[in-house]
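Structure first, then comments.
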Amino acid sequence: MKMLKIIVCLKQVPMVSELPWNSKTGTLKRELAQGMMDPCSRRALEAGLQIKESRDRKGMETHVTALSMGPAMAEEILHQAKALGADRGVLLSDRRMAGADTFLTSLILGKYIKKEIPDADLVICGSQTSDSETAQVGPQLAGELSIPAIGYAIDIQLQGQKARVRRYVDDFQETFEMDLPGLVTIDQGAYTPRYTALGGLQDAFDEPDISMVDAHMLGLGHDFNALKDSPTRIIDVYSPTTQKENKVLKGAVKNVVDQLFEEYGKVISHAMGKDLKTHDHGEVI
Amino acid sequence: MTKTKDIWVLGDYRNYFQNRVTLQILARATDLATRTGGCVCAVVFGEKVDEYVREYIAHGAERVYVVDDPGLKNYSIENYSFLLAWLVEKFKPETLLVGATRFGQEIAPRVAKELKTGLTADCIDLEIDEKGGLVQIAPSFGGNLIARIITPEKRPQMATIRPGTFHELAHDNGARGEIIHLPLPEHMPKEKILCIKSEYKPSKIKGIEKADIVIIGGRGMGSKGKFKKLFELADLMNAEVGATRPVVYANWIGHDSLVGQAGKPIKPKVLFSFGISGAIQHTAAIVDADFIVAINKNPNAVMMKMADVAIVADANQVCSAIIRAIKEKIRD
């Protein structure tokens with residue numbers, strides 16, 4: 001029986017709770033951030049590991065590659081993935097890959113897969129990452145690989161060269177049967193991830209065999225520059241919280257609540273979807 | 001066909017009447033087109049879609065491209081993305097906008113990839129820069145940061161738009177638009193995804209992630225008993241109740257209601273924050289709220305600094321006062 005090859009794509013994201021935070025402006029100082037495995041990526045890994053375990057029980061072989069792209073420090077999450085049960089960790093890392101938008105990210109991931117694991121059966125990604133939240137890399141990687149894709153999966157069952165995938169999107173409960181090779185992205189509420197066994201983590205770090213791959217090894221030309229080649233360009237980034245009025249209301253409770261409705265009753269009634277009368281005249285606001 | 005200045009909007013009609021994102025985008029496209037020139041067009045795929053075509057014209061579409069075929073009965077990512085890319089290559093619009101429903105968020109990246117162009121996800125505003133280019137304004141990091149993004153060279157410029165971002169135009173029955181019917185192309189690729197089942201199952205509870213008003217209580221509510229008042233307020237306001245980690249740990253409410261890094265991110269129109277100091281794990285999940293009212297005895301709490309309106313008072317007393325005020329205001 002043929003071995004099943006699974007690739008799980010993981011991203012390292014800044015850990016929000018550890019982020020240096022400017023409470024005045026509400027701005028995150030991302031450059032000082034500690035990294036962690038993106039929560040939805042963890043669920044994608046869990047899905048891959050559960051498929052592997054269920055096949056193991058039937059005596060069927062499965063190989064899970066944890067694949068990431070990012071700075072050298074992203075190696076951590078691949079060790080973590082190995083500790084959790086992935087067979088192999090691969091990090092695509094190069095200064096020239098930095099600043100890639102989703103189009104370029106999917107191109108780079110796709111280049112690696114086409115070159116090194118062209119016979120992959122199933123690619124699993126998180127539906128979206130906690131930092132940029134685009135939900136675009138999964139579908140675009142499927143496009144790059146010319147394979148079908150189903151987003152926001154809550155359950156995957158393999159049956160021969162097909163995957164049966166369930167999801168709940170836009171108020172529709174759906175079940176699909178997808179030909180393999182194919183790509184699935186995992187919904188942010190599905191496949192509750194397992195915790196890392198401490199012993200396992202130690203072993204994984206003792207065995208430093210994460211494969212590092214740079215732009216040259218992927219066959220990307222000397223003039224390749226992800227930041228420059230990305231079709232989109234970020235003009236600027238700002239913190240939205242600085243624009244808040246931050247009106248402070250003080251005094252007797254009844255008075256401040258009256259003041260709240262006088263000044264902001266419209267905002268509240270609009271969100272409620274109900275008309276509210278003004279205090280004095282019974283007039284609808 | 002030469003390049004046009006046209007702005008295209010994908011007709012995402014599943015769940016219409018509730019799903020109004022296409023109409024909302026048409027309204028903004030109409031506004032943008034006054035600055036860029038070009039025609040506002042809708043694109044519709046499916047079987048028997050005349051009613052949507054009429055609806056889009058009544059809401060601002062000057063032209064509608066339609067592929068109406070029994071083979072398109074299912075909302076299929078593969079077929080619809082193939083057709084959309086095919087039409088874009090044929091008619092060359094300057095801009096292509098898609099509603100950020102789950103379906104839209106799946107189809108748009110496939111189409112952008114196929115067309116080798118850029119795509120910005122989940123925009124909360126669109127502007128036109130001095131060169132006439134589309135400025136795509138999108139949140140990142142749970143809304144902690146907002147990025148302004150352009151597509152300098154590639155066309156079309158593509159963006160998905162968060163539902164509820166723009167206001168639709170009034171329905172105009174007298175509006176006239178050009179309708180271009182296209183036959184299903186012969187070279188449709190064979191589908192690799194078979195739909196076994198697709199059932200409309202609207203969630204009965206709106207859920208805290210989708211609620212327009214969310215009321216979150218922290219330890220400052222005082223006790224489990226007093227915390228329950230928030231549910232009374234929520235009933236009056238059609239709101240959902242959420243909680244901070246200490247409150248969930250104290251068992252005042254279930255884990256399902258946790259709003260924070262380990263819980264649920266929310267994006268309500270109005271957020272009431274009762275007795276919450278504002279630990280970073282919590283605030284990171286609520287910055288997408290459009291309008292925040294915070295109530296806390298401590299005016300220096302982080303949550304109070306983040307709020308649009310900060311009420312310096314006892315959370316529990318203010319909750320009771322708002323309940324009384326609303327009962328009065330909705331009384332017939």
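Considering only residues of the stretch B:196-233 that are under 23 Å from residue B:324 (Cβ atoms) and in a strand (DSSP E or B), which is farthest from the chain's Cα centre (by Cα)?
Looking at residues that are under 23 Å from residue B:324 (Cβ atoms) and in a strand (DSSP E or B), I get B:217.
Which of the residues that make up the stretch B:104-126 are surrounded by 24 or more Cβ atoms within 10 Å (Cβ to Cβ), in contact with a Phe, Trp or Tyr (Cβ under 8 Å, 6 or more places away or on another chain) and under 25 Å from residue B:39 (Cβ atoms)?
B:107, B:112, B:118, B:119
Based on what the data block shows, is residue B:201 within 9 Å of chain A (Cβ to nearest Cβ), surrounded by 10 or more Cβ atoms within 10 Å (Cβ to Cβ) and in contact with a Phe, Trp or Tyr (Cβ under 9 Å, 6 or more places away or on another chain)? Talk me through it step by step, then tell me what you get.
On the way: within 9 Å of chain A (Cβ to nearest Cβ): yes; surrounded by 10 or more Cβ atoms within 10 Å (Cβ to Cβ): yes; in contact with a Phe, Trp or Tyr (Cβ under 9 Å, 6 or more places away or on another chain): yes.
Yes.
Let me confirm something: among B:42, B:33, B:29, which residue is assigned to a strand (DSSP E or B), modelled with pLDDT of 95 or more and either of a type in the set (Gly, Ala, Ser) or more than 26 Å from residue B:184 (Cα to Cα) (or both)?
On inspection, the qualifying residue turns out to be B:42.
Hey, does the stretch B:56-71 have a residue that's at pLDDT below 95, more than 18 Å from residue B:119 (Cα to Cα) and touching a helix residue (DSSP H, G or I) at 6+ places or on another chain (Cβ under 9 Å)?
Checked the stretch B:56-71: at least one residue is at pLDDT below 95, more than 18 Å from residue B:119 (Cα to Cα) and touching a helix residue (DSSP H, G or I) at 6+ places or on another chain (Cβ under 9 Å).
Name the single residue, out of those in the stretch B:261-289 being in contact with a Leu (Cβ under 8 Å, 6 or more places away or on another chain) and assigned to a loop (DSSP other than H, G, I, E, B), that is nearest to residue A:266 (Cα to Cα).
Out of the qualifying residues, it is B:289.
Within the stretch B:234-260, can you find the residues that are more than 18 Å from residue B:318 (Cβ to Cβ) and outside any loop (DSSP other than H, G, I, E, B)?
Within the stretch B:234-260, B:240, B:245, B:246, B:248, B:249, B:255, B:256, B:257, B:258 qualify.
Name every residue in the stretch B:287-301 that is within 8 Å of chain A (Cβ to nearest Cβ) and buried (at least 19 other Cβ atoms within 10 Å of the Cβ), in order of residue number.
Within the stretch B:287-301, B:287, B:291, B:292, B:293 meet the criteria.
What residue, of A:147, A:124, is at the interface with chain B (Cβ under 9 Å from one of its Cβ atoms) and of a type in the set (A, V, I, L, M)?
Result: A:147 is the single residue among A:147, A:124 that is at the interface with chain B (Cβ under 9 Å from one of its Cβ atoms) and of a type in the set (A, V, I, L, M).
Among what's in the stretch B:3-47 and is under 19 Å from residue B:131 (Cβ atoms) and of a type in the set (S, T, N, Q), pick the residue that is farthest from the other protein chains (Cβ to nearest Cβ).
Restricting to residues being under 19 Å from residue B:131 (Cβ atoms) and of a type in the set (S, T, N, Q), the top hit is B:34.
Only one residue in B:106, B:168, B:127 is over 25 Å from residue A:151 (Cα atoms) and at pLDDT 95 or above. Which one?
Going through B:106, B:168, B:127 in turn, just one is over 25 Å from residue A:151 (Cα atoms) and at pLDDT 95 or above: B:127.
Note down all Cβ pairs under 7 Å where the first residue falls in the stretch A:166-181 and is within 7 Å of chain B (Cβ to nearest Cβ) and farther than 18 Å from residue B:191 by Cα, the second is among the aromatic types (Phe, Trp, Tyr) and surrounded by 16 or more Cβ atoms within 10 Å (Cβ to Cβ), and they're at least six residues apart or on different chains.
Short answer, once both residue conditions are applied: A:169/A:152; A:169/B:103; A:170/B:103.
Of all residues in the stretch A:213-266, which are modelled with pLDDT under 90 and touching a Ser or Thr at 6+ places or on another chain (Cβ under 6 Å)?
A:239, A:242
In the stretch A:1-30, how many are closer than 24 Å to residue A:72 by Cα and at pLDDT 60 or above?
Qualifying residue count, the stretch A:1-30: 12.
Check every one of the strands (runs of 3 or more DSSP E) wholly within the stretch A:95-188 and list those with 1 or more residues that are within 18 Å of the chain's Cα centre (by Cα) and farther than 29 Å from residue B:287 by Cα.
On the way: elements: A:122-126, A:149-159, A:162-169, A:172-179, A:182-186.
Correct list: A:122-126, A:149-159, A:182-186.
Going through the stretch B:76-89 one residue at a time, which ones are more than 11 Å from residue B:45 (Cβ to Cβ) and in contact with a Phe, Trp or Tyr (Cβ under 9 Å, 6 or more places away or on another chain)?
Of everything in the stretch B:76-89, those that are more than 11 Å from residue B:45 (Cβ to Cβ) and in contact with a Phe, Trp or Tyr (Cβ under 9 Å, 6 or more places away or on another chain) turn out to be B:77, B:88.
Given the structure, is residue B:165 touching a residue at least 40 places away in the same chain (Cβ under 8 Å), closer than 26 Å to residue B:110 by Cβ, assigned to a loop (DSSP other than H, G, I, E, B) and out of contact with any Cys (no Cβ under 6 Å at 6 or more places or on another chain)? Please lay out each step first, then the result.
Values: touching a residue at least 40 places away in the same chain (Cβ under 8 Å): yes; closer than 26 Å to residue B:110 by Cβ: yes; assigned to a loop (DSSP other than H, G, I, E, B): yes; out of contact with any Cys (no Cβ under 6 Å at 6 or more places or on another chain): yes.
Yes.
Within the set of pairs 6+ apart or on separate chains, which have a first residue in the stretch A:226-238 that is on the phi > 0 side of the Ramachandran plot and at the interface with chain B (Cβ under 7 Å from one of its Cβ atoms), a second that is surrounded by 16 or more Cβ atoms within 10 Å (Cβ to Cβ) and aliphatic (A, V, I, L, M), and C-beta atoms under 6 Å apart?
Final answer for the pair search is none.
Within the stretch B:86-126, restricting attention to residues that are assigned to a helix (DSSP H, G or I) and more than 10 Å from chain A (Cβ to nearest Cβ), which residue is nearest to residue A:177 (Cα to Cα)?
Restricting to residues being assigned to a helix (DSSP H, G or I) and more than 10 Å from chain A (Cβ to nearest Cβ), the top hit is B:86.
Taking into account only those residues within the stretch B:311-332 that are in contact with a His (Cβ under 9 Å, 6 or more places away or on another chain) and charged (D, E, K, R), which is nearest to the other protein chains (Cβ to nearest Cβ)?
If we take residues in the stretch B:311-332 being in contact with a His (Cβ under 9 Å, 6 or more places away or on another chain) and charged (D, E, K, R), then B:329 is nearest to the other protein chains (Cβ to nearest Cβ).
The values are calculated or read from the model by the stated rules, or taken from the named source; none is laboratory data. None of the values given here were measured: they were computed from a predicted structure. Don't worry about glycine lacking a Cβ; one is built from the backbone with ideal geometry, like all the others, and counts go over all protein chains shown.
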